[in-house]
Structure formats: C-alpha cells, structure tokens
1. Just tell me which aspartates and glutamates come within less than 14 Å, Cα to Cα, of Lys23; anything on the same chain fewer than 8 places away is out.
2. With θ set to phi - 60° and the Karplus curve 6.51 cos²θ - 1.76 cosθ + 1.60, what are the ³J(HN,Hα) couplings of segment 208-217 in order, to the nearest whole Hz, using x for Gly and Pro?
3. Report the relative contact order of segment 90-339, percent, no decimals, based on alpha-carbon pairs under 8 angstrom and at least 6 residues apart.
4. Working out 0.36 nm times the residue gap between Ala309 and Glu51, then minus their Cα-Cα distance, what length gain in nm do you get to one decimal?
5. May I ask you to evaluate 6.51 cos²θ - 1.76 cosθ + 1.60, the Karplus curve with θ = phi - 60°, for each residue of segment 347-362 and list the ³J(HN,Hα) values in order in whole Hz, giving x for glycine and proline?
6. Taking a quarter of the surface of the Cα convex hull of segment 286-337, what do you get in nm²?
7. Go ahead and estimate [θ] at 222 nm for the chain from helices alone: -39,500 (n - 2.57) per DSSP H run with n ≥ 4, summed, over the residue count, rounded to 500.
8. For segment 152-255, how big is Rg over Rh, using alpha carbon atoms and the Kirkwood form of Rh?
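Nothing in this text is a laboratory measurement; each read-out follows from the coordinates by a stated rule. This one's a predicted model, so the numbers in the text were calculated from it and none came from an experiment. Here the Cβ positions follow ideal geometry from the backbone for every residue, glycine too, while neighbour counts run over all protein chains shown.
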Amino acid sequence: MDHTNGTTTGQPPGHTAMAMTPKEWADWRSQLRHALDDASAVRRLLGMPPEEACGRLPMKITPYYLDVLMQSEAAPLRRTVVPSQAEERIGPEEYEDPLGETAHQTSACVVHTYPGKVLFLATDQCAVHCRYCTRSRWLGHGACSERDWQAGIEYIRSDSTIRDVLISGGDPLMMEDARLDELLDALRSIAHVEIIRIGTKMPAALPQRITPWLLEVLKKYHPLWMVIHFTHASELTPECAAACGCLADAGIPLAAQTVLLKGVNDDEESLCALMEGLLKIRVRPYYLLQCDPVIGSSHFRVPIRKGQAIIRSLHGRTTGLAIPAYMVDAPGGGGKVPVMASFVEGYDGTHWQLNDCQGGIKTYYDPEDT
Ligand SMILES: *Cc1c(COP(=O)(O)O)cnc(C)c1O
C-alpha cells in the first residue's frame with residue numbers, strides 16, 4: 001500500500017544532500033528512518049558555526065523539518081532543535097521535571113493535575129526533539145508499555161469525574177494508525193469521557209504523517225480536537241497548510257500551542273505573523289506558553305513582563321481570534337495559570353477604568369451588587 005498522503009508534492013530538495021526518492025520523501029515512516037542525529041553535520045548544512053553539542057537530549061530532526069530550517073526566514077527557528085552549548089548552563093530555578101508531573105502521575109502514563117481532565121502519555125517518541133522540551137527527562141526512555149496503557153485506561157474508566165482526555169507524549173502521531181485506533185477506541189468506550197484531544201507537532205514537523213488512512217481513524221472518534229505545537233511562521237509551508245486543511249475537513253477543530261522563546265518568536269512581528277498565519281490555515285491560536293524551567297533552557301526564557309507587552313500589542317493590532325492566552329505552567333504542579341496583560345486600570349466600587357487599546361482610558365459604570 002502507498003502510505004504517502006497525496007497532498008504533498010513529494011519533491012525531495014536537492015540541497016539537503018539526503019538520498020531520498022520523491023516517494024520516500026512523501027512517506028512519513030521513511031522520513032523518520034532518515035531523521036538526522038548528527039548535530040555537527042546539521043550545523044554545517046545550515047551554515048551555523050561549529051559548537052560542541054550537549055549530550056543530554058539527542059538531536060532529532062526529520063529531513064522535512066531540516067528543509068524548513070534551510071529557508072532564510074527560518075533562521076530563528078534553528079536554535080529550537082539544533083543543540084547548543086548554552087544547554088549546559090543550568091539555572092538555579094531549573095528542574096528535570098519542572099511541572100512536578102511525576103508526583104501527579106496516577107499510573108505510568110496518566111498525569112492527573114486538574115479536576116475533570118487528564119493527560120495520557122501515550123508514547124515517548126517524537127519526530128523532532130525540541131531543545132526546551134518539558135518532558136526531555138522522559139523522551140525516548142521506553143515508557144508506555146502495553147501494561148502502562150491498560151493501567152492508564154483503567155484509571156480513567158474508574159474515575160467518572162474525568163471528562164476530557166488529552167493524549168500527549170511524546171507525540172501520539174508517532175504511533176501506527178492501528179495502535180492509535182486501539183487507544184481512541186478504548187477511551188471512546190468510556191461513557192464519561194466527553195472530549196478527546198490529541199497534542200502533536202506533526203503538522204509542523206512531519207506533515208506527511210497526515211495520511212488519508214490516519215484521517216479515516218480520527219474521524220470515527222468525534223468530538224476529537226487537536227492541539228498542534230507551532231513555533232514560527234516559517235513552519236507554515238504549503239505541506240503544513242495541506243495537512244491542516246485535511247484535518248479541518250475531517251471535522252477536527254484545530255488549536256495551536258506556542259512556547260514563547262527568546263530570539264525565536266519573542267517580538268510582536270514574528271508572533272503576529274505566526275498567529276495570523278495559523279488562522280489562514282484554520283488553526284486557532286490557543287495558548288502562548290511561558291518556557292518551563294526545565295534544566296538547560298535559560299537561554300530561551302523571556303521575562304513575563306515582555307510576554308505580556310507582546311500580547312498587549314496584539315490587542316488592537318490583529319483579529320481577536322489570533323490572540324492566544326498567555327500561560328505559565330506552575331512549577332511543581334498545580335496546572336497552567338493565565339498571566340494575561342491586564343487592561344483594567346482600576347475599580348473604585350462604582351466605576352472601572354479601562355484601557356481601550358488606542359492608548360485612551362474609558363470609564364465603565366458598574367456599581368457593586370448590594
Ligand atoms: C495542559 C494540561 C492539561 C490541559 O489543560 P487545558 O488548560 O485544559 O488545555 C491537562 N492536564 C495537564 C497535566 C496539563 O499539563
């Protein structure tokens with residue numbers, strides 16, 4: 001069977017010096033087999049200065065994503081997947097497990113932090129390794145056995161307060177269609193599970209993964225949502241747009257999560273270009289996440305005040321649909337906390353003083369309920 005998705009042109013770019021036929025280029029499994037792990041070679045290909053790579057999280061980049069990185073507009077994006085010496089600096093407030101997930105792991109693959117919703121860690125594999133990964137401690141360590149899965153599904157089945165299951169990892173779309181089908185089927189058979197979400201980076205990292213066969217599987221389990229990790233407008237290639245189009249046509253509402261990263265997307269122009277670009281491919285910006293204090297990530301962290309100023313500048317500049325909620329995931333657990341810029345200047349019990357985005361202050365009459 002031909003496992004290509006039929007939406008990509010399937011032309012392997014000549015300049016990446018990777019011996020792949022057009023058919024291999026369009027096949028997601030073949031992309032993964034050809035994933036790059038030699039940081040010095042990739043630095044050379046991208047014209048980055050040589051550096052001793054850090055060994056904590058191995059490099060992994062699909063040939064497709066390398067081709068994205070080759071575009072000159074993608075220069076800021078390169079640091080997010082190519083290892084650098086800066087990762088060896090460990091800040092005083094950095095942790096292996098910044099969100100204290102291990103403490104909230106009710107079984108090997110379920111993280112239950114909030115009432116009503118859980119994270120199901122379905123696989124420890126990803127198509128590319130983000131250098132700022134919150135779960136780098138866990139990635140590629142052989143977690144998620146069949147037994148872990150069964151225990152996780154049983155946990156969800158036994159707690160009728162769980163209405164929302166977010167399948168994550170790792171990247172759930174690293175699994176074969178049949179395995180994903182099995183998991184979705186098990187979760188859908190639980191009456192109290194109302195919505196299922198899949199968290200993935202595939203439309204950005206490996207859009208070839210969005211095949212007609214995958215869509216056939218996903219379509220059976222509505223309401224199914226997808227939350228996609230996007231970082232920079234240069235990821236929004238024609239292949240990526242086609243993949244998101246197929247998912248949207250299959251009835252899957254698409255949302256985006258973006259990590260705010262220093263020198264990558266921490267300015268009004270690049271963030272606005274990404275958020276508006278996402279709307280054009282039918283993806284709704286959902287969260288802008290502060291970079292978690294995972295060890296060796298301090299070179300990526302942006303002050304929250306700066307993040308708030310950027311979000312503030314988006315209000316009044318672009319469509320409201322393009323503005324994500326700015327969130328900090330509480331260190332040690334407790335969940336995500338909104339740290340939105342405030343437009344409220346004050347309240348005296350009868351009048352609110354409100355910033356109107358044009359630099360003016362408006363008064364809104366609103367006496368306290370007595
Ligand atoms: C992010 C997260 C969720 C989902 O949170 P939403 O704010 O509903 O998107 C659920 N569980 C855990 C542990 C999470 O980190």
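1. Asp2
2. 4, 5, 7, 9, x, 5, 4, 4, 4, 5
3. 21 percent
4. The Ala309-Glu51 span can extend by a further 89.5 nm.
5. So the Karplus estimates, Gly and Pro as x, are 8, 10, x, 10, 10, 9, 9, 10, 6, 9, 6, 9, x, x, 10, 10 Hz.
6. Computing the convex hull of the Cα atoms and averaging its projections yields 4.1 nm².
7. The helix contribution divided over the chain gives -7500 deg cm²/dmol.
8. Reported Rg/Rh (Cα atoms, Kirkwood Rh): 0.98.
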